[in-house]
Amino acid sequence: MKSSQISGFYKLSVKERQEIVKKFAELSGDEVKILEQNGLSLERAERMIENVVGKYELPLGIATNFLINGKDYLIPMVLEEPSVVAAASNAARIARVRGGFKTKATEPVMMGQIQLVNVKNPEKTKKIILKNKKKILELANKQDPVLVKLGGGAKKIEVRNLAKNMMVVHLLVNVKDAMGANAVNTMCEAVAPFMEKIAGEKTNLRILSNYATERLVKTTAIFDKNALGGEGVVDSIISAYRFADCDVYRAVTHNKGIMNGIVAVALATGNDTRALEAEAHAYASRSGKYKPLTVYKKDKNGNLVGSLEMPLAVGIVGGATSHPVAKIVLKILGVKSAKELAEIMDAVGLAQNLAALKALSTEGIQRGHMELHARNIAIMAGAAGKKVDKIAEQMVKEKRVRLDRAKELL
């Protein structure tokens, strides 16, 4: 059986880690080379965005120890911030003691919006649109017969009054394994002229909403009190959570920590990080006050129970998921559906948040962070090879992690 519980993974060389991942995900030699070389040619980059002049690389790391819904995962993460990958791995190790992460996603339903403006009779318009909902859905589904064949497609119509003389029609679409923006936008643009014709009203915007409240994921985990460091640590983490629940300034940073994990996986898999950030922070504000996305409490045995619920609109087909590295990342994850990817990302978000709260409420965030930051400073000063670790260790010991000190130690 494959296991993501790998002791001392961080101590191995890059080549040794590559061999473990290669075996775990059954990667070919060519796929490992793509990971080493990033796999994105200038020609391909030119077709992805406009005005290309080069490429920009970030590190791709692997978080270990993740057990999600009874299955082991190695989690590829792309980001520039030190400590995040190690912290997620450590939190996942603690979660394993009590069975890992339990997570469940709803169906991948996205919402398209058709804005109606200068509406003369809102109630009459609403009745006309709802009376013709079957025709509207049929017209929408003609735009993507492949999606419909796979069991997806437009499923439901909703009509809302927004302001004086302004309405919106919601087109709810099951997008299956895609993020869904292109399919939903195409459907909205196709049905808008028909709505204008039957209602005698003018449409304006026809666009997907990134607030994917129909596409939620919820993850829970029990973090063993002894593995955390005792009941005192449990109490400190709960106190830290309550701080975020009471104070918006803390809540924003609390949720940023969650997104450290989620965005890192999104970047690795070629998903839209801006959409994920937007929907996460909107969901955090759904009560009218900005709140932490995670919730923590004790169980009857004094263990820490953590949960994370949020929208996660991600895909495993379409868009930048066709990036050569993203394709290999999806193979490493072994995901079979967009729902599974969303569940993994939610679990990583909870793990990342737990790790941050544990560090903040015990030793402080800077200890582990500064050890890694010191290595970056040493490299900036011109250190190479074994000198990097030696100089970094000395700077941390002196609590003088600065470029000028690194240069002195060279």
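The values are calculated or read from the model by the stated rules, or taken from the named source; none is laboratory data. Being a predicted model, the structure only gives us computed values, none of them experimental. Glycine gets a Cβ as well: all are built from the backbone with ideal geometry, and neighbour counts include every protein chain shown.
Within region 268-292, the residues that satisfy the criterion of being surrounded by fewer than 23 Cβ atoms within 10 Å (Cβ to Cβ) and hydrophobic (A, V, I, L, M, F, W, C) are A275, A278, A280, A282, A284. Only one of the numbered conditions (1) farther than 10 Å from M110 by Cβ; (2) buried (at least 21 other Cβ atoms within 10 Å of the Cβ) is not met by K197, and that is (2).
Only one of A359, A374, A383, A378 is within 30 Å of the chain's Cα centre (by Cα), farther than 29 Å from D245 by Cβ and buried (at least 18 other Cβ atoms within 10 Å of the Cβ). Can you tell me which?
Numbers: A359 fails: farther than 29 Å from D245 by Cβ; A383 fails: within 30 Å of the chain's Cα centre (by Cα); A378 fails: within 30 Å of the chain's Cα centre (by Cα).
That would be A374, the only listed residue that is within 30 Å of the chain's Cα centre (by Cα), farther than 29 Å from D245 by Cβ and buried (at least 18 other Cβ atoms within 10 Å of the Cβ).
Which residue out of K176, K256, K218 is within 30 Å of M77 (Cα to Cα), part of a loop (DSSP other than H, G, I, E, B) and basic (K, R)?
Exactly one of K176, K256, K218 is within 30 Å of M77 (Cα to Cα), part of a loop (DSSP other than H, G, I, E, B) and basic (K, R), namely K176.
The residue of region 26-75 that is modelled with the lowest pLDDT, among those that are within 17 Å of I262 (Cα to Cα) and out of contact with any strand residue (DSSP E or B) (no Cβ under 6 Å at 6 or more places or on another chain), is P59.
Let's see how each residue does on (1) more than 25 Å from A105 (Cα to Cα); (2) of a type in the set (V, I, T):
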| site | (1), (2) |
| --- | --- |
| R160 | yes, no |
| N165 | yes, no |
| V173 | no, yes |
| G180 | no, no |
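Selection over region 221-237 of residues that are out of contact with any helix residue (DSSP H, G or I) (no Cβ under 6 Å at 6 or more places or on another chain), part of a helix (DSSP H, G or I) and surrounded by fewer than 18 Cβ atoms within 10 Å (Cβ to Cβ) gives a count of 3. Of the residues making up region 223-233, one or more are aromatic (F, W, Y), modelled with pLDDT of 95 or more and in the same structural domain as A313 (by TED's automatic domain parsing).
Residue by residue, here is whether (1) within 30 Å of T321 (Cα to Cα); (2) touching a residue at least 60 places away in the same chain (Cβ under 8 Å); (3) small (G, A, S) holds:
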| residue | (1), (2), (3) |
| --- | --- |
| T125 | no, yes, no |
| I128 | no, yes, no |
| G152 | yes, no, yes |
| L162 | no, no, no |
| M166 | no, no, no |
| A192 | yes, yes, yes |
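Taken over region 27-63, residues that are touching a residue at least 40 places away in the same chain (Cβ under 8 Å) and on the phi > 0 side of the Ramachandran plot amount to 2.
Among the residues of region 119-161, those identified as out of contact with any Leu (no Cβ under 9 Å at 6 or more places or on another chain), more than 30 Å from K336 (Cβ to Cβ) and not in a helix (DSSP H, G or I) are V119, K120, N121, N132, R160, N161.
Would you point out the residue of region 166-194, among those that are of a type outside the set (A, V, I, L, M, F, W, C) and within 14 Å of I114 (Cα to Cα), that is surrounded by the fewest Cβ atoms within 10 Å (Cβ to Cβ)? Break it down stepwise before answering.
Filtering region 166-194 down to residues of a type outside the set (A, V, I, L, M, F, W, C) leaves 170, 174, 176-177, 180, 182, 185-186, 189, 193.
Then keep just the ones that are within 14 Å of I114 (Cα to Cα); that gives 170, 185-186, 189, 193.
Numbers: H170: 17, N185: 16, T186: 16, E189: 15, P193: 12.
Per the stated criteria, the residue is P193.
Can you find, within region 317-339, the residue that is surrounded by the fewest Cβ atoms within 10 Å (Cβ to Cβ) among those that are of a type in the set (A, V, I, L, M, F, W, C) and in contact with a Gly (Cβ under 6 Å, 6 or more places away or on another chain)? Please lay out each step first, then the result.
Taking region 317-339 and keeping what is of a type in the set (A, V, I, L, M, F, W, C), we get 317, 320, 325-326, 328-330, 332-333, 335, 338.
Then keep just the ones that are in contact with a Gly (Cβ under 6 Å, 6 or more places away or on another chain); that gives 320, 325-326, 338.
Working: A320: 17, V325: 23, A326: 22, A338: 26.
Looking at residues that are of a type in the set (A, V, I, L, M, F, W, C) and in contact with a Gly (Cβ under 6 Å, 6 or more places away or on another chain), I get A320.
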